[in-house]
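No value in this document is a laboratory result; all are computed from the given coordinates. Here the structure is a predicted model, which means the values were calculated and not measured. Note that each Cβ is placed from the backbone with ideal geometry, even for glycine, and that neighbours are counted across all protein chains shown.
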Amino acid sequence: MTHDHDHGRYNPNFDERAATWDDPTKVERSRRVADAIAAATSPDPGTRVLEYGAGTGLVTEALGERVGPALLADSSAGLREVMAAKIADGRLRDARITDLDLTADDAALPDERFDLIITVMVMHHVTDLDRVLGRFRRLLDPGGHLCIVDLDAEDGSFHGEGFTGHHGFDRDELAAHLRTAGFADVAMSDGGPIDRDDGSWSTFLAVAS
Ligand SMILES: C[S@@+](CC[C@H](N)C(=O)[O-])C[C@H]1O[C@@H](n2cnc3c(N)ncnc32)[C@H](O)[C@@H]1O
């Protein structure tokens, strides 16, 4: 399978991995993540979604008709092209694509607000966590939910040599960052394992509102 490193050395180039991103393991995992998010947040067909770092849009695709219109943000042009193809052939329904980068100094936040913000396996790439969490809060409608799925704290083996992001997150520390960003309720649960031929890593689902 394709993943964030190729046996030892981290490969940050999401563009060149776009065409082979969707594989049965990622599709199945995205289905499980979508089911957990739906169970935790009870969306409806009017729920306005922002998926941040959407990749090929697998999680929004798996949510399907359980949610309403979606804005899919990703910084990789190659992955945005894959999402555009899915919109064109109907696999992604009622979706728009943006290159919005919430880590940027000059990020122009969209005027719209969302009921559900989803970000899966993205935050470990984000150095300035507090900036992005604060921006999520501004983009979320009161009563909405932010769902973060990411790695639990790990020893660096997930990405291997050369990775400069977070080695997963301590759940309590992340919850504290979420509270500082203005989220009153933070619930943590298991997000399921990521199994590869070179190891297994646990993940969490944080639901903040
Ligand atoms: C490990 S992938 C996960 C993709 C997708 N969420 C999934 O679960 O299949 C991380 C994604 O985050 C995107 N990304 C990384 N940094 C980003 C940033 N600052 N803004 C937006 N997207 C970013 C990458 O392009 C990539 O699509």
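General remarks:
- Taking 7 Å steps out from each Cα toward its Cβ at Arg179 and Thr164 produces label points 3.2 nm apart.
- Segment 25-78, Rg to Rh (Cα coordinates; Rh as Kirkwood inverse mean 1/r): 0.96
- Rounded to whole Å, the principal axis extents of the Cα atoms in segment 18-134 read 34, 32, 25, largest first.
- Between segment 11-34 and segment 121-155, the Cα center-to-center distance that results, in Å: 20 Å
- Relative contact order (percent, whole number), segment 5-208, Cα cutoff 8 Å, 6+ residue spacing: 19 percent
- Two-site FRET efficiency, Asp198 against Thr103, from Cβ-Cβ distance with R₀ of 22 Å, rounded to 0.05: 0.15
- Per the Debye formula on identical point scatterers at the alpha carbon atoms of the chain, with no solvent, log10 I(q)/I(0) at q = 0.11, 0.14, 0.16 Å⁻¹ is -0.47, -0.80, -1.09.
- Phi-derived couplings, Karplus 6.51 cos²θ - 1.76 cosθ + 1.60 at θ = phi - 60°, listed residue by residue for segment 50-60: 10, 9, 9, x, 6, x, 9, x, 4, 6, 5 Hz, with x used for Gly and Pro.
- Separation of the Ala187 and Thr127 label points, Cα + 7 Å toward Cβ, nm: 3.5 nm
- Phi to ³J(HN,Hα) by Karplus 6.51 cos²θ - 1.76 cosθ + 1.60 over segment 192-209, Hz, x for Gly, Pro: x, x, 10, 9, 10, 5, 9, x, 9, 10, 8, 10, 10, 10, 9, 10, 10, 8
- Adding -39500 (n - 2.57) for every DSSP H run of four residues or longer, then dividing by how many residues the chain holds, sets the calculated 222 nm ellipticity at -8500 deg cm²/dmol.
- Judged by the ratio a/c of the largest to the smallest principal axis of the C-alpha gyration tensor, segment 167-209 counts as prolate, that ratio being 1.5 or greater while a/b is larger than b/c.
- GNM result for the chain, Cα springs below 10 Å: residue of Gly192, Gly160, Gly90 fluctuating most strongly: Gly90
- In sequence order, calculated HN-Hα J values of segment 121-128 (Karplus, 6.51, -1.76, 1.60; Hz; x Gly/Pro): 6, 10, 4, 5, 8, 9, 5, 8
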